[in-house]
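The values are calculated or read from the model by the stated rules, or taken from the named source; none is laboratory data. All values reported here derive from a predicted model rather than from experimental measurement. Backbone-built Cβ (ideal geometry, glycine too); neighbour counts: all protein chains shown. Note: areas computed on protein heavy atoms with side chains; ligands, DNA, RNA excluded. Shrake-Rupley method; radii C 1.70, N 1.55, O 1.52, S 1.80 Å.
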Amino acid sequence: LCSFLGLLYQEYRDKSTREEIETRRLQDSQTDPEETSPSEETPSEAEPTSTVENKAPPQINLLRNSNSRFNLWQDLPEVQSSGVLSILQPDEIKLQEAMFELVTSEASYYKSLNLLVSHFMENERLKKILHQSEAHILFSNVLDVMAVSERFLLDLEQRVEENIVISDVCDIVYQHTVNHFSVYITYVSNQTYQERAYKQLLQDKPAFREVISQLELDPKCKGLSFSSFLILPFQRITRLKLLVQNILKKVEEKSDRESTALDAHKELETVVKACNEGVRKMSRTEQMISIQKKLEFKIKSVPIISHSRWLLKQGELQQMNGPKTSRTLRTKKLFREIYLFLFNDLLVICRQIPGDKYQVFDSAPRGLLRVEELEDQGQSLANVFILRLLENADDREASYMLKASSQSEMKRWMISLAPNRRTKFVSFTSRLVDCPQIQCVHPYVAQQPDELSLELADVLNILDKTDDGWIFGERLHDQERGWFPSSIGEEILNPKIRAQNLKECFRVHKSDDSQRRKLGSRNRQ
């Protein structure tokens, strides 16, 4: 199965997203209104299928010839010779391409999963080196994930074989998401332990390290690392949601196909959120236990560990000393170090003490925090802001004048401490303004809890930016917010493209909201 496919999923995905970036660059450079009409300017998940070379799903009669080199659905010989291209409207052809990419990318993904299992997991030398429990943590339920992908792919193949003009694929996506895709949540939730086990094995077992290196050098892997195969399921379930979003943008409004696309998208979004939550839950629990051990309370003790609590940001700031500050402006002890642990519902203010411990001297519920920036106060007060606790540990109002190490660090603290505070640019969810936008051209892995990991071709609204190279953004496809370096992206300058990106986003999420409202009213009846 999939033996004749040209590209592994990692290559497919990389080429597809890079093609998407280039498409947006081209659209962004167009200024002639004729050239950037709404029908042409849609950033597309389907257009990247121009990179699809010989990657069609197995057992599809249309694509049996392994020597074929088609780029798009419309380039298939059967489609070309059928005459349908002269009958179908351009929008329908775009929709066909979007559905076709969902199928071909699943085939490519299945091929990569198959290689992970047959080449790595079932390698006899690796089996002898790994204890059964180690193998279980490393590979988790990947066999279940592969079986689900195979079943999904066979149903997609069957649909494509029914007619060269694909009727729909989102109904199949919906059925499989509801009935089978829970295996992804299990796999992805294990990610924290999987990464740790892999690092530990590389460190503790030279034989493991040697075998993995040899297996990675095999031409079958095309220079791709073992870890790139391990993260495939999480990448795929996220990408699948985007592919369905892309179909949803192209179907006719208020049609049956829109309804099935909406249903599929909603179910995929549920699975993706559960995957994200699974990853976070595993790492958060350990992190909270670790923090609890480091805290010593000078004030009345606050229980830190709670199932509904997690860390948003931690770090050192400089606190301006007491009421006599005005007389000591020129002394070196104008500020002293304090350390903040900010959780989603609580702020804990500490001083670091010997032995990697922190002495807590104040705290407040996060909802009772206010921040205010000090402007034009001279160099000594650069990057200084006021933090007000409306009700602190002593049930009193308290104020702290705090200095950050840079402008970006100051803004990041201010937005984390008071998330409802207005940002420089209005959020797109207000639907009122032309917000600046950026597309990701270099992937970024978050280093801090308040940062956002980004994939190639992600499009974000810019909510705030700093002079020292950081952006606070909101990703369009899932409304996740966070900071990232400005160097990883390119700003989208064409207002027509920005408007189109928003319009598409509203359609996906507005329709989703209306579906939920309909369901709610139905339940009440």
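Numerical summary
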{"quantity": "Net charge of neighbours whose Cβ lies under 12 Å from the Cβ of LEU113, counting Lys and Arg as +1 and Asp and Glu as -1", "calculated": "-1"}
{"quantity": "Check: the range 437-517 dipole with +1 on Lys, Arg Cβ and -1 on Asp, Glu Cβ, in debye", "calculated": "580 debye"}
{"quantity": "Spin-label pair LYS273/PHE297, simplified geometry with 7 Å Cα→Cβ offset, distance in nm", "calculated": "3.4 nm"}
{"quantity": "Using a Förster distance of 56 Å, the FRET efficiency for LYS199-SER255 (Cβ separation, nearest 0.05)", "calculated": "0.70"}
{"quantity": "Heavy-atom accessible area per residue - the range 178-304, 1.4 Å, Å²", "calculated": "49 Å²"}
{"quantity": "Solvent-accessible area per residue, Å², over the range 437-517 with all protein chains present [probe radius 1.4 Å]", "calculated": "40 Å²"}
{"quantity": "The range 161-252: GluC sites (Glu not before Pro) in DSSP coil with no more than 15 other Cβ atoms inside 10 Å", "calculated": "GLU252"}
{"quantity": "Gained length - GLU161 relative to VAL117, 0.36 nm times residue gap less alpha-carbon distance", "calculated": "13.0 nm"}
{"quantity": "Prolate/oblate/rounded label for the range 151-201 (Cα gyration tensor, a/c 1.5)", "calculated": "prolate"}
{"quantity": "Loop GluC sites (Glu not before Pro), the range 443-480 (other Cβ atoms within 10 Å of the site Cβ: 16 or fewer; DSSP)", "calculated": "GLU455, GLU480"}
{"quantity": "Theoretical gain in end-to-end length, HIS307 to LYS281 [0.36 nm per residue, Cα-Cα removed]", "calculated": "8.5 nm"}
{"quantity": "In nm, spacing of pseudo-spin labels at ILE231 and ASN420 (7 Å Cα→C-beta vector)", "calculated": "3.6 nm"}
{"quantity": "Cα gyration tensor, the range 68-109 - rounded (a/c under 1.5), prolate or oblate", "calculated": "oblate"}
{"quantity": "Distance (nanometres) between label positions extended 7 Å along Cα→Cβ at ASP91 and SER133", "calculated": "5.9 nm"}
{"quantity": "Normalised contact order of the range 437-517, rounded percent, pairs of Cα under 8 Å and 6 or more residues apart", "calculated": "27 percent"}
{"quantity": "Solvent-accessible area, 1.4 Å probe, carbon plus sulfur percent, for the range 272-325", "calculated": "55 percent"}
{"quantity": "Residues ARG25 and VAL178, FRET efficiency given R0 of 56 Å [Cβ-Cβ distance, rounded to 0.05]", "calculated": "0.90"}
{"quantity": "Calculated FRET efficiency for the pair ASP14/ALA207, C-beta based, R₀ 30 Å, to 0.05", "calculated": "0.45"}
{"quantity": "With eigenvalues of the C-alpha gyration tensor scaled by 5 and rooted, the range 437-517, Å", "calculated": "23, 15, 10"}
{"quantity": "Given charges at Cβ of Lys, Arg, Asp, Glu: the range 437-517 dipole, positive-most of LEU452, GLY489, HIS509", "calculated": "HIS509"}
